[in-house]
Amino acid sequence: MELEKDIPRVQDHKLAAAATTASSSASIEADMLTCPLCLNLVCQPITVPCGHTFCRVCLYMAMQRSKKKCPNCRAVCHVEPASHAVNVMLAQIAQKCFPKQYEQRLLESKQEQEKFESTSPIFFYNNCLFPGCLLHLHLFEQRYRHMINRCVSSNRKFIYLPNFTDYKAKTGDVGLLAYIDECEFLPDGRALLKATIQKRVKVTNTWVEEGTQGLHYCQFHPYVEEDKTVDEEELNAVHKQVNGLFNHVPGLKDQIVHHIGKQPPLTNPVLWSFWLAAFVTMVSRSGVQSMSLLKTTKTSERLKQSKRLLSQVSLPGRNNRNSGQAAAEPMAE
């Protein structure tokens, strides 16, 4: 009887010994955690629906200009690498087994991910806007439906690129970074959105993503104002001229506030010069001629050009008021 009682104990010891031997012999090799794209230790691993796993940066670059398919098996893959959740378990295993290598890979990927922030889809329109302006859009084209869905689910930003010819982006183009404040999706897929123009940017690279019916993307860097000095007397004179137009044409100020935004204080001459450029563009319907106002990097030069255009504007009555209203409505696409 005592022998029978000892049998389970012996079996338990054997199982424990076997488990210890198995755990000691089990090891994770670096090639088990290798990204099939860069052939390095996987960093910030993302697992796509088909089951394959890649580094975040590698998947982003692989899907950036091609159809939304798994780079390994070509299965359909509607994943946004920049915002998709990391495979936490796999990331912890890689970090624990290869801490120094993983830390180095994180530093490398951080540099690459900075490009994510400077990459956005492009919306083309034949009207020139400026930083601080409001933007009202009715999006119905399929490519812009793709754009708005991606923007809303990520950083809510896109590039507004004034274009008066072929609706194609080129390296060196000056555009504007827009932030989506409100967006309403209609039952048929169209979208009504309100956005604010944040700053000017310069296109450094551009391409059309496959499978999006012609959605353009670009990489960009800030387009900086180099000279912010202004002549105070000239600034006040133009400000007085603008307010004179508001007093002369009833309802014009309301139109400007709705389509461009409230007039900034003169204590910020750079922002006020952008608002003035937008105001002049709207009331003069200058269109492509306003691109020089957008591209100049000198505040004083923008004021002078705007003042010259403003002197050519005559809004004595109702007809001109209606003209200003028509020029102000950037609802399209």
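Here, each number is a calculation from the coordinates, and none is a lab measurement. If you're wondering where the values come from, they're calculated on a predicted model, not measured in any experiment. A quick note on method: Cβ atoms are made from the backbone with ideal geometry, for glycine too, and the neighbour counts reach across all protein chains shown.
Per residue, the chain reaches -13500 deg cm²/dmol at 222 nm when only DSSP H runs of four or more residues are counted, each adding -39500 (n - 2.57). Against the empirical curve 2.2 N^0.38 Å, the C-alpha radius of gyration of the stretch 240-310 lands at a ratio of 1.04. A simple count of charges around L294, restricted to other residues whose Cβ falls under 14 Å of its Cβ and scoring Lys, Arg +1 and Asp, Glu -1, yields +3.
How far, in degrees from 0 to 90, does helix 318-328 lean away from the longest principal axis of the Cα atoms of the chain, to the nearest 10? Helix 318-328 and the main axis of the chain meet at about 20 degrees. Farthest toward the positive end of the dipole of the chain, out of F279, S66, G189, is the Cα of F279, where the dipole comes from beta carbon charges about the Cα centre.
Spacing of the modelled spin labels on Q289 and W207, each 7 Å from Cα toward Cβ, amounts to 4.0 nm. Ranking C55, A91, F130 by Cα position along the charge dipole of the chain, where only Lys, Arg, Asp and Glu carry charges on their C-beta atoms, puts F130 farthest toward the positive end. In terms of overall dimensions, the C-alpha atoms belonging to the chain reach 115, 45, 38 Å along their principal axes, ordered largest to smallest. Each of C50 and D31 was given a label point 7 Å from its Cα along the Cα-to-Cβ line. The distance between the two points is 2.3 nm.
Across the stretch 108-134, the residues whose backbone nitrogen lies under 17 Å from the label position 7 Å along the beta-carbon direction of K194 are 132-134. Considering only alpha-carbon pairs that sit under 8 angstrom and 6 or more positions apart, the relative contact order computed for the chain is 16 percent.
Pairwise inverse Cα distances across the stretch 119-222, averaged and inverted, put the Kirkwood hydrodynamic radius at 13.6 Å.
Note on A85/E112: beta-carbon distance plugged into 1/(1 + (r/R0)^6) with R0 of 25 Å gives a FRET efficiency of 0.85.
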